[in-house]
Amino acid sequence: MLSNLVMRELDAEITAVANCAGLTYTRYSDDMTFSTRDGFCRTKAVDLVNTVSSLLRSASFHPQEHKTVIVPPGARKVVLGLVVDGAKPRLQREFRDNLRQHLYYLRKFGPIEHMRRRDFETVQGMRHHIRGLIDFARMVDVPYAEAMFKHFNAIDWPV
């Protein structure tokens, strides 16, 4: 495992490359994002990806090119499951629909049947998963999360 010092040095190198290109570099764990409000052509984006990939390989990382996405201007921009193309991050519609669906079927069929239908191993595991979704939502959209939490607490969970 690489030391924190090596990681900081690698982040500094990648930040310098991004800054030279007029981009902002952000990283959460192993998810990297390069962003700008200015125009940035596809050719420059591909060059940046190649440069950063080389830096990562030189530090013994193995970039997963199949996960690399170059998002054109005007397209929907999603980072770590959040839509980030507006003034502030927001939850994806798919996320909201998934959470609402969980809560609907929990009320309709009950926790045990919903657990079976969704292939969770345990009711507690499913409960923790859904609670985690609500907690994630709370970091982005408090009113929505509070409404979902009320539905979650109304479920007749087995002890």
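Extension gain for residue 153 to residue 41 (0.36 nm times residue separation, less C-alpha to C-alpha distance): 35.5 nm. When P(r) over Cα pairs in 10 Å bins from 0, in percent is computed from the coordinates, the matching label among (i) 10, 29, 22, 10, 7, 6, 5, 4, 3, 2, 1; (ii) 9, 30, 23, 22, 15, 2; (iii) 11, 39, 39, 10, 1 is (ii). For segment 90-153, report the translational diffusion coefficient in µm²/s to the nearest whole number, using Stokes-Einstein at 25 °C, 0.890 mPa s, and a Kirkwood Rh over Cα pairs. The calculation lands on 207 µm²/s. Largest first, the three principal axis extents of the alpha carbons in segment 1-60 are 37, 18, 18 Å in whole numbers.
Nearest 0.05, what FRET efficiency do residue 94 and residue 11 give at R0 = 25 Å with Cβ-Cβ as r?
0.25
The helix-based estimate of mean residue ellipticity at 222 nm for the chain, built from -39,500 (n - 2.57) per DSSP H run of four or more residues and divided by its residue count, is -18000 deg cm²/dmol to the nearest 500. For the pairs 67/108; 88/108; 44/67, note any where the Cα-Cα span goes beyond 28 Å. Result: 67/108; 88/108 exceed 28 Å. Projecting label points 7 angstrom from Cα along Cα→Cβ for residue 20 and residue 122 puts them 5.2 nm apart.
A short reminder: the numbers here are calculations on the coordinates, not readings from a lab. In this text the structure is predicted, and so the values were computed from the model without any measurement. Glycine gets a Cβ as well: all are built from the backbone with ideal geometry, and neighbour counts include every protein chain shown.
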